Each structure stands twice: as C-alpha cells, then as structure tokens.
1. What is segment 105-206's relative contact order, in percent, from Cα pairs under 8 angstrom and six or more apart in sequence?
2. Can you put 165, 25 in order of Cβ neighbours within 10 angstrom, beginning with the fewest?
3. Quick check: from the Cα gyration tensor, does segment 79-209 come out rounded (a/c under 1.5), prolate or oblate?
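No value in this document is a laboratory result; all are computed from the given coordinates. Predicted, not measured: the structure shown is a model, and the values here were computed from it. Here Cβ is always computed from backbone atoms with ideal geometry, including for glycine, and neighbour counts include all displayed protein chains.
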C-alpha cells in the first residue's frame, strides 16, 4: 500500500487550457509535448472533457478536411526546411498558409538554401536571433548578435534576388517591415561583422494572414 505521506495531495490543479488550445488538440495541431499536457489535464478535468465531447459533435464533419490540410502543411514546412516550426502557431489558418507558400514570391532559391543548411551544420552561429532556418514574421524582425559585436552589416534580398535592404545596424536591431518595402513573401539575409566577415545567412517569411 502506498504511504499517504508520499501523495502530493496539496498540488493545485493545473489551470484549464483555452478553448483555442483545446481545438488545436482536437485537430492534431499541437507538438507532442503540448499534447501530453492537455491529455494529463483531461484525465482530471470534467469541464474540459465535456467541452471536447460537445466540440466533437459539432465539428466532426469537417475533421477530415482539416486534418488533411494540417498534414499537407507539415509536409510543406518540412520540404522548405521549416520542420522546426510548429503548425500550432497557425491555428485554423493552415489552408491560407499553404496557399501562401505556393505563391511565386515564396519559392525558395536552391543556392541560398544550400548555404543556410551548410552554415547551420558547420558551426555554432554567433547570432542569437532570428533563427537562420526560417521564421514567420509580420510587423518587424529583430537581429541580435553576440555581445562581441557593437554593430553589424545587414543585407536582405527577396527570392527574386532584388536588393531590399543593405546598411550597417546596431546590435540588437529591430527592422520594421512595412508592406510597401516588404510585401508578403520569402526573404534571405546575410549578417556580416564590421570587417565584412560573414556571420550567418538565413531566411524569413513575411506573412500577414
């Protein structure tokens, strides 16, 4: 028999997840570690379990299409080298995102993609953000190097190799992404130190839904 003193009976119950997170769990749009937290919560929370039962009754007819879009989105992100990005952050916008990634201004450049992969594998980058493998941004993006650098040189081009931005920046530096200068699409960047030695090469997507 288990010693009653060993039972953690005073641990407060975990707060209920939001309805949006429960929806993501229902549609398999979460990372495994997040699913585990939801499942543990459902074991002891009758309110959330009941909510999911009612949600399933009202949304099951659309489940097949939703799951198909999620699977396609995950495969597309993997093809683009973006498997580190969770589909959870897009919620119910997976169809719109798939359409976005299929556009001409989002098609990757093989040469840049190869350099990014090689640079990432070869050595630890001295750039803290953004993730060189890719990220989705809308209003701004921050570039942060190690404390060794007081300033850096930033070069950005779109996937048509058109020069968009080329200037020295402070460290850290936040670049505002106006729709006029940075319309939705794929962008590649290079960061160099003060002596114009290459620090890293990366990419980001401007996606405003």
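1. Numbers: 203 pairs, mean separation 34.2, N = 102.
It rounds to 34 percent for segment 105-206.
2. Details: 165 14, 25 21.
So the ranking, lowest neighbour count to highest, is 165, 25.
3. On the way: a/c = 1.69, a/b = 1.51, b/c = 1.12.
The shape class here is prolate.
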